[in-house]
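Novice: Sharing a structure with you now.
The values are calculated or read from the model by the stated rules, or taken from the named source; none is laboratory data. Because the structure is a prediction, the values reported are computed rather than measured. A quick note on method: Cβ atoms are made from the backbone with ideal geometry, for glycine too, and the neighbour counts reach across all protein chains shown. What goes into the accessible areas is simple: the full protein's heavy atoms, side chains included, and nothing from ligands, DNA or RNA. Shrake-Rupley method; radii C 1.70, N 1.55, O 1.52, S 1.80 Å.
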Amino acid sequence: MYNLSTVVRHAVIAAAVFCGLSTPVSAQLTIPITTAHNALVLHADATGRLNTLYFGEKLTDTSDYSRLAISRRDGADILSSAYTPAGSTSLAEPAIAVTHTDGNKSLDLRYVSHTTTSENANVSTTAILLKDPVYALEVTLYYKVYANDDVIEQWSRIDNKEKGPVTLDKYASANLCLKADRYWLRQYHGDWAKEMQPEESQLTHGIKTIDTKLGARADLFEPSVFMVSLDKPAGEDEGSVLYGSVEWSGNFRVDLEVDPNDDLRIIAGINNYASPYVLKPGQQLTTPAFLYTFSARGKGEASRNLHRWARDYKIPNGRGDRLTLLNNWESTYFNFNEDTLRGLIKDAKKLGVNLFLLDDGWFGNDYPRNDDHAGLGDWQENRKKLPNGLIALVKEAQQDGVKFGIWVEPEMVNPKSDLYFRHPDWVVKQPGREEHYYRNQLVLDLANPAVQDFVYGIVDSLFIKNPGLAYIKWDCNAVIYNAYSAYLKKDQSQFYVDYVRGLYHVLDRLRAKYPAIPMMLCSGGGGRVDYGALKYFTEYWPSDNTDPLERIFIQWEYSYFYPAIASANHVTNWGKQPLKFKIDVAMMGKLGFDIPVAKLSPADLAFCQNALKLYGEIRSVIWQGDQYRLSDPHIADMASMLFVDSARSSAVLFNYLANNRYGAGNKAPIRLKGLDPAKHYRVQEVDRYPGSRSGRENNGVYSGDFLMKIGLDPQINSSRTSVVIRLTAE
Ligand code: DGJ
């Protein structure tokens with residue numbers, strides 16, 4: 001079924017008519033792009049201009065789409081363009097702006113043809129070809145539909161068929177147009193250890209822009225994920241909401257404009273800041289995808305659709321297994337040697353995790369990496385710390401039945417490194433200007449193919465020299481200051497785009513050679529996660545802030561967009577909560593540890609070991625199940641998160657006290673969701689710390705109907721701050 005490939009040519013309107021100055025189109029055309037529940041309906045009018053007629057819940061009778069009309073008020077039609085060109089009749093914020101070979105800045109785009117290609121029963125792509133009637137410039141709009149997930153990836157390809165170069169001054173991936181009375185935007189801001197801080201506000205007329213200009217680690221202050229509720233703020237289970245995100249790990253820009261028609265125009269893609277992109281004759285540019293999903297049944301459904309889509313189509317091995325691990329970063333920082341690490345490998349085994357992850361500090365000789373001022377770029381084992389090389393440790397781990405993983409930050413260089421002296425031209429910095437550092441480091445110029453080879457070679461040679469190496473943590477701790485590529489010379493405006501393309505090129509090569517290796521996408525915290533990068537990484541690091549109380553909020557917000565299987569959550573010494581609380585929070589994703597195991601009391605060690613055994617039993621429900629946010633800690637005293645497997649026979653409910661004021665706790669039972677009302681579930685409180693007070697409802701059996709209508713009381717209060725409940729259908 002999945003290999004079936006059919007090409008359905010719906011309609012072709014004679015391209016010839018677009019070659020002259022006058023561009024009449026004899027036929028009008030409606031193009032519905034539909035998912036299981038929704039429709040995006042485009043319309044080519046008599047002149048060939050392509051507009052958005054409708055975006056929202058699918059109509060039962062598709063012929064009704066032809067009843068929809070674009071307002072004929074002067075100027076109104078130009079606002080609903082499916083891909084607004086600049087400089088001709090449209091005066092709205094453009095999706096595309098160009099400078100032709102002759103210096104002319106006008107662009108008009110008219111429909112030529114469209115095709116739909118099916119990959120399988122769920123996935124199809126509609127491609128719509130548009131052409132300027134005066135200039136030989138073509139734009140193809142792509143809509144890749146994941147029907148059952150209600151997800152669309154949209155991108156565009158711009159073809160320069162002119163005789164000389166064309167400069168793309170703006171080149172968005174998508175240009176949506178939504179209709180509602182009012183719009184509420186939920187957007188995010190943040191910083192190191194404060195990722196994914198939400199703000200929700202009503203959009204007013206004019207343009208609201210979410211963007212970044214940081215180059216690398218681009219999400220640090222503002223990620224590209226957002227959601228827009230239509231008419232009223234959507235809840236978990238009701239209300240119409242669109243989720244959007246640019247699949248791009250560099251500068252992005254999303255413009256949200258409530259226009260004079262009161263419609264919402266969303267124009268999303270690569271940020272054109274400092275990035276006019278020149279296409280030589282015959283060249284083309286394909287933009288990254290803008291990803292969106294729409295639900296008329298609230299935020300919960302939208303996020304579950306996105307999670308399912310991500311596991312099935314984007315994240316490597318999204319339906320597969322993951323490794324639990326012990327990381328040494330916070331227990332040793334840079335201060336370790338071979339003996340220390342041998343001990344930690346033994347600790348990993350004792351703890352019961354699958355893998356030991358060696359973090360920063362293992363490399364550099366002329367400039368040893370003993371703190372974050374030196375060594376980045378010199379990826380040879382430090383001979384003092386590791387006299388027998390990494391291979392000795394990899395083998396040691398293998399003998400102990402533990403896998404071995406390693407940290408790299410291959411895009412970066414410290415000025416105190418051999419690499420910096422050998423290849424100053426590989427470093428992103430402005431000639432003639434003072435260097436400016438972020439965490440004492442600079443970024444390597446991934447626009448340069450030689451640098452791409454170098455970065456690829458770092459990881460490749462680690463695998464070649466260390467057979468058995470089983471995991472990569474890929475870090476990225478600096479933004480790009482003083483953006484300048486010695487390689488690009490006069491073409492500096494391509495730098496930000498070519499940097500990300502260079503990065504993806506490296507990752508493509510690595511994934512081609514090492515398709516099954518789990519890799520963590522890290523960025524001094526969560527400054528980098530997006531679906532462009534998650535094509536290559538099995539998991540991401542949400543934040544260096546592992547205080548579990550903070551993590552409840554951070555993970556809550558990430559959970560709207562990314563599935564739990566991709567969230568690398570480590571138990572550390574951050575925060576004042578007890579060990580059990582920390583482990584419970586970290587279990588709501590991919591569990592890891594970063595604590596000095598040797599310092600654990602026997603009781604705490606036994607608790608960790610048992611928690612890992614329990615995690616082995618429930619992790620597939622967490623990783624693959626449907627996720628329901630039941631009690632929002634922004635509003636209530638407690639956070640409550642439920643995972644239910646697809647058969648609705650197993651579920652895990654996590655509950656936490658998120659407010660430490662007097663008397664705080666859950667006031668009423670928590671009503672569950674997603675269960676089978678007809679099934680009976682054994683309810684069991686699990687992961688209890690020995691000797692702690694158990695809940696009243698331990699070991700009861702309740703119908704799904706009861707649990708969803710009346711609910712379950714986790715009895716969260718100041719003496720029971722974290723409660724995990726497992727439900728198993730009998
Ligand atoms: C930042 C990461 O987020 C940490 O987990 C750790 O790997 C350090 N970098 C190492 O420098």
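Novice: Restricting attention to the stretch 235-287, and to residues there that are open to solvent by 50 Å² or more (accessible area, probe 1.4 Å) and farther than 20 Å from ARG157 by Cβ, which single residue is modelled with the lowest pLDDT?
Specialist: This residue is PRO260.
Novice: Please go through (1) within 16 Å of the ligand (Cβ to nearest atom); (2) assigned to a helix (DSSP H, G or I); (3) surrounded by 23 or more Cβ atoms within 10 Å (Cβ to Cβ) for LEU442 and return the number of the only condition it doesn't satisfy.
Specialist: (2)
Novice: Oh, and also: Filter the stretch 534-544 for residues that are open to solvent by less than 10 Å² (accessible area, probe 1.4 Å) and either within 15 Å of the ligand (Cβ to nearest atom) or farther than 23 Å from ASP360 by Cβ (or both) and give the result.
Specialist: PHE537, GLU539, TYR540, PRO542, SER543
Let's see how each residue does on (1) in a strand (DSSP E or B); (2) open to solvent by 10 Å² or more (accessible area, probe 1.4 Å):
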| position | (1), (2) |
| --- | --- |
| ALA127 | yes, yes |
| LEU130 | yes, no |
| GLY164 | no, no |
| LYS170 | yes, yes |
| ALA174 | yes, no |
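Novice: Pairs under 6 Å by beta carbon, first residue over 23 Å from TYR656 (Cα atoms) in the stretch 581-602, partner within 16 Å of the ligand (Cβ to nearest atom) and open to solvent by 10 Å² or more (accessible area, probe 1.4 Å), six or more apart or different chains?
Specialist: Close Cβ pairs satisfying both conditions: PRO596/SER331.
Novice: Now for a different question. Could you say whether any residue in the stretch 209-228 is part of a strand (DSSP E or B), open to solvent by 30 Å² or more (accessible area, probe 1.4 Å) and at negative phi?
Specialist: Keep residues of the stretch 209-228 that are part of a strand (DSSP E or B), which gives 209-211, 226-228.
Filter again for open to solvent by 30 Å² or more (accessible area, probe 1.4 Å), leaving 209, 211.
If we keep only those that are at negative phi too, we end up with 209, 211.
Yes: one or more hits.
Novice: So VAL500 clears everything in (1) more than 26 Å from PHE356 (Cα to Cα); (2) assigned to a loop (DSSP other than H, G, I, E, B) except one condition, right? Which one?
Specialist: If we test VAL500 against (1) more than 26 Å from PHE356 (Cα to Cα); (2) assigned to a loop (DSSP other than H, G, I, E, B), just (2) comes out false.
Novice: I need every pair where a residue in the stretch 169-184 that is aliphatic (A, V, I, L, M) has its Cβ under 6 Å from the Cβ of a residue that is open to solvent by 10 Å² or more (accessible area, probe 1.4 Å) and assigned to a strand (DSSP E or B), sequence separation at least 6 or different chains.
Specialist: Once the first residue is aliphatic (A, V, I, L, M) and sits in the stretch 169-184, its partners that are open to solvent by 10 Å² or more (accessible area, probe 1.4 Å) and assigned to a strand (DSSP E or B) give LEU178/PHE55; ALA180/LEU230.
Novice: Just to check your reading of the model, which residue among ARG720, ARG726, ARG688, ARG682 is of a type in the set (Lys, Arg), more than 34 Å from the chain's Cα centre (by Cα) and within 21 Å of ASP584 (Cβ to Cβ)? First the steps, then the outcome.
Specialist: Working: ARG720 fails: more than 34 Å from the chain's Cα centre (by Cα); ARG726 fails: more than 34 Å from the chain's Cα centre (by Cα); ARG688 fails: more than 34 Å from the chain's Cα centre (by Cα).
After ruling out the rest, the residue left standing is ARG682.
Novice: For ASN477, state whether it is touching a Gly at 6+ places or on another chain (Cβ under 7 Å) and within 16 Å of the ligand (Cβ to nearest atom). It would help to see each step written out before you state the result.
Specialist: Details: touching a Gly at 6+ places or on another chain (Cβ under 7 Å): yes; within 16 Å of the ligand (Cβ to nearest atom): yes.
Criteria met by ASN477.
Novice: Another question, if that's okay. Among the candidates VAL402, VAL394, single out the residue that is over 19 Å from PHE495 (Cβ atoms), open to solvent by less than 10 Å² (accessible area, probe 1.4 Å) and touching a residue at least 60 places away in the same chain (Cβ under 8 Å). I'd like the intermediate steps shown before the answer.
Specialist: On the way: VAL402 fails: touching a residue at least 60 places away in the same chain (Cβ under 8 Å).
Testing whether each residue is over 19 Å from PHE495 (Cβ atoms), open to solvent by less than 10 Å² (accessible area, probe 1.4 Å) and touching a residue at least 60 places away in the same chain (Cβ under 8 Å) leaves just VAL394.
Novice: Evaluate the stretch 176-185: report whether one residue or more is closer than 25 Å to PRO276 by Cβ and open to solvent by less than 10 Å² (accessible area, probe 1.4 Å). Can you show your working first?
Specialist: The initial filter retains those residues of the stretch 176-185 that are closer than 25 Å to PRO276 by Cβ, namely 176.
Among the residues that remain, those that are also open to solvent by less than 10 Å² (accessible area, probe 1.4 Å) are: 176.
Yes: the stretch 176-185 contains one or more residues that are closer than 25 Å to PRO276 by Cβ and open to solvent by less than 10 Å² (accessible area, probe 1.4 Å).
Novice: Considering only the stretch 133-162, state which residues are more than 24 Å from TYR531 (Cα to Cα), in contact (Cβ under 8 Å) with a residue 60 or more places away in the chain and either surrounded by 20 or more Cβ atoms within 10 Å (Cβ to Cβ) or of a type outside the set (Asp, Glu) (or both).
Specialist: PRO133, VAL134, ASN160, LYS161
Novice: Can you tell which of THR84, THR89 is of a type in the set (S, T, N, Q) and open to solvent by 30 Å² or more (accessible area, probe 1.4 Å)?
Specialist: On the way: THR84 fails: open to solvent by 30 Å² or more (accessible area, probe 1.4 Å).
Testing whether each residue is of a type in the set (S, T, N, Q) and open to solvent by 30 Å² or more (accessible area, probe 1.4 Å) leaves just THR89.
Novice: Another one. Which of the residues spanning the stretch 405-426 are away from the ligand (no atom under 16 Å from the Cβ) and either out of contact with any strand residue (DSSP E or B) (no Cβ under 7 Å at 6 or more places or on another chain) or not aliphatic (A, V, I, L, M) (or both)? Steps first, answer last, please.
Specialist: Start the filter on the stretch 405-426 by keeping residues that are away from the ligand (no atom under 16 Å from the Cβ), which leaves 415, 418-426.
Matches in the stretch 405-426: PRO415, ASP418, TYR420, PHE421, ARG422, HIS423, PRO424, ASP425, TRP426.
Novice: I would also like to ask the following. Would you mind stating whether ILE472 is within 16 Å of the ligand (Cβ to nearest atom), within 22 Å of ALA374 (Cα to Cα) and assigned to a helix (DSSP H, G or I)?
Specialist: Values: within 16 Å of the ligand (Cβ to nearest atom): yes; within 22 Å of ALA374 (Cα to Cα): yes; assigned to a helix (DSSP H, G or I): no.
No; evaluated as a whole, the condition is false for this residue.
Novice: Can you name the number of the only condition in (1) surrounded by fewer than 23 Cβ atoms within 10 Å (Cβ to Cβ); (2) under 20 Å from THR287 (Cα atoms); (3) within 16 Å of the ligand (Cβ to nearest atom) that ASP491 fails?
Specialist: All conditions pass for ASP491, except number (3).
Novice: Let me ask something else. Residues of the stretch 416-430 being assigned to a helix (DSSP H, G or I) and open to solvent by 50 Å² or more (accessible area, probe 1.4 Å), which ones? Let's see the steps before the verdict.
Specialist: So in the stretch 416-430, the residues assigned to a helix (DSSP H, G or I) come out as 418-422, 424-426.
Residues satisfying the conditions are PHE421, ARG422, PRO424, ASP425.
Novice: Something else about it: Based on what the data block shows, is LEU507 farther than 15 Å from GLU409 by Cα, more than 16 Å from the ligand (Cβ to nearest atom), in a helix (DSSP H, G or I) and open to solvent by less than 10 Å² (accessible area, probe 1.4 Å)? Don't jump to the end; show me each part of the working.
Specialist: On the way: farther than 15 Å from GLU409 by Cα: no; more than 16 Å from the ligand (Cβ to nearest atom): yes; in a helix (DSSP H, G or I): yes; open to solvent by less than 10 Å² (accessible area, probe 1.4 Å): yes.
Judged against the criteria, LEU507 is not a match.
Novice: Among (1) in contact (Cβ under 8 Å) with a residue 60 or more places away in the chain; (2) more than 15 Å from the ligand (Cβ to nearest atom); (3) out of contact with any Lys or Arg (no Cβ under 6 Å at 6 or more places or on another chain), which single condition is TYR531 missing?
Specialist: The one condition TYR531 does not meet is (3).
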